[in-house]
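Read the structure below first, then the notes.
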Amino acid sequence: MAEVINVSDGRKEIVDSLSDFLDLVRELMGDEARDWFETYLKENYLPEQEIGRMEDECAKEIERVEEHYKDILRELHDLSKELADLICSERLSRMKISHVAGQIGNLTGRNL
């Protein structure tokens, strides 16, 4: 958003961006003042923006990991229900029980 800045000589300057402000600093105070201010901003303000960006990325990654593990828990729940049904059936099939137990073992082993 554009701002109007009253300069000491009475002029009104419209500043629409940081670049406009730095140009105004150069005009009023010189190149050294502009360079100092730009360096100061890079060292003190821009790292905060970077931290905010990193925090956003971490939050997205946490959300992705949470969804992944919810999927794993759903799959484990389904497999454990299948295993319980096999164990409680009238005709035990050790081969089927072993297969489902192996799937549970593989799933947990891959994701721990």
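Here are a few things to note about the model shown:
- Counting only Cα atoms, the size of the stretch 47-112 along its three principal axes is 65, 16, 9 Å, in decreasing order.
- Between Glu66 and Ala101, the FRET efficiency estimated from the beta carbon spacing at R0 = 35 angstrom works out to 0.85.
- Accessible surface comparison of Asp71, Asp16, probe 1.4 Å, protein chains only, largest first: the order is Asp16, Asp71.
- Residues of the chain: accessible area per residue with a 1.4 Å probe, Å²: 83
- Short to long, the 5 Å bins of the Cα pair-distance histogram for the chain hold 2, 9, 11, 10, 9, 6, 6, 5, 5, 5, 5, 5, 5, 5, 5, 4, 3, 1, 1, 0 percent of all pairs.
- Only DSSP H runs of four or more residues enter the estimate; each adds -39500 (n - 2.57), and after division by the residues of the chain the mean residue ellipticity at 222 nm equals -27000 deg cm²/dmol.
The values are calculated or read from the model by the stated rules, or taken from the named source; none is laboratory data. The structure displayed is predicted, hence computed values, not measured ones. Cβ sites come from the backbone with ideal geometry, for glycine too, and all protein chains shown count toward neighbours. Please note that ligands, DNA and RNA were not included when accessible areas were found on the heavy atoms of the full protein model with its side chains. Shrake-Rupley method; radii C 1.70, N 1.55, O 1.52, S 1.80 Å.
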